[in-house]
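The structure appears right after this line, and notes come after that.
The values are calculated or read from the model by the stated rules, or taken from the named source; none is laboratory data. Since this is a predicted model, take the numbers as computed values, not measurements. Here the Cβ is made from the backbone with ideal geometry for all residues, glycine too, and neighbour counts use every protein chain on show. Side chains included, ligands, DNA and RNA excluded: accessible areas come from the protein's heavy atoms. Shrake-Rupley method; radii C 1.70, N 1.55, O 1.52, S 1.80 Å.
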Amino acid sequence: MHFAIFLGVGILLFQKVLSKSISNGTTVENRTDALEKSFETLLSRFNNVSETVYSLQNRVQNEMKRPIFYVELSGSRNLNHYSIVKFDTQFIDEGNNFNTGDGIFVAPIPGVYLFIWTIQTYTSKAVQTELRVDNIVKGKQFTSLGSGAGHFGTTRTVLCSVNKGDHVWIQTDNHYTDNYLYDGSGGVRSSFMGIFIQKV
């Protein structure tokens, strides 16, 4: 539909330029030269319009691809102070912005994001983690299980503004030297997810 509109506008412009060129010409040669120049001008304008439309289409498609990721931690881990939790099993990563090698998400666009992380631990263990955005703490979570408690996970949700290029991750804080993240039977694991909500 867009192409038909641009083509119609192009034809109208061409007719206008053509009629003006013919009325000003005095010979067939002059009219032919004017016609060729008019056609080249019209073609150039049409190419510019086509490039603009293509650029807008790309922008719309990129806007529709909202960043979202969901990852899990495979295997149990004992983490020391200030250790990044390297969630290494990827299930969803729209835009390929989460690095399972270092456990860090890099925001491709600025805006409000929703981050949710679940920490699974075991009897008599304690884990304290925090969400960091460019090394600034945006939220904390604490899990401590007594003797005979078995194992279960706790979840924290944080809604915050993130700039383009900001690095986001989950790490332990300075309270425990043996934060124990448990990989339970049946695939019950610690996890981390992020969803782009809207621009600010």
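Determine the pairs where a residue that is within 14 Å of residue 116 (Cα to Cα), located within segment 155-169, has a partner that is open to solvent by less than 10 Å² (accessible area, probe 1.4 Å) and of a type in the set (Lys, Arg) with Cβ atoms under 7 Å apart, the partner being 6 or more residues away or on another chain.
none
Yes or no: residue 16 at pLDDT below 60 and either surrounded by fewer than 13 Cβ atoms within 10 Å (Cβ to Cβ) or in contact with a Gly (Cβ under 8 Å, 6 or more places away or on another chain) (or both)?
It is true that residue 16 is at pLDDT below 60 and either surrounded by fewer than 13 Cβ atoms within 10 Å (Cβ to Cβ) or in contact with a Gly (Cβ under 8 Å, 6 or more places away or on another chain) (or both).
What pairs come out if I take residues in segment 131-142 that are β-branched (Val, Ile, Thr) and pair them with residues that are assigned to a loop (DSSP other than H, G, I, E, B) whose C-beta lies under 7 Å away, six or more apart or interchain?
Sorted first by the residue in segment 131-142, then by its partner, the pairs are 133/166.
Take residue 79 and tell me if it is in contact (Cβ under 8 Å) with a residue 40 or more places away in the chain, among the hydrophobic types (A, V, I, L, M, F, W, C) and crowded, with 18+ Cβ neighbours inside 10 Å.
Yes; evaluated as a whole, the condition is true for this residue.
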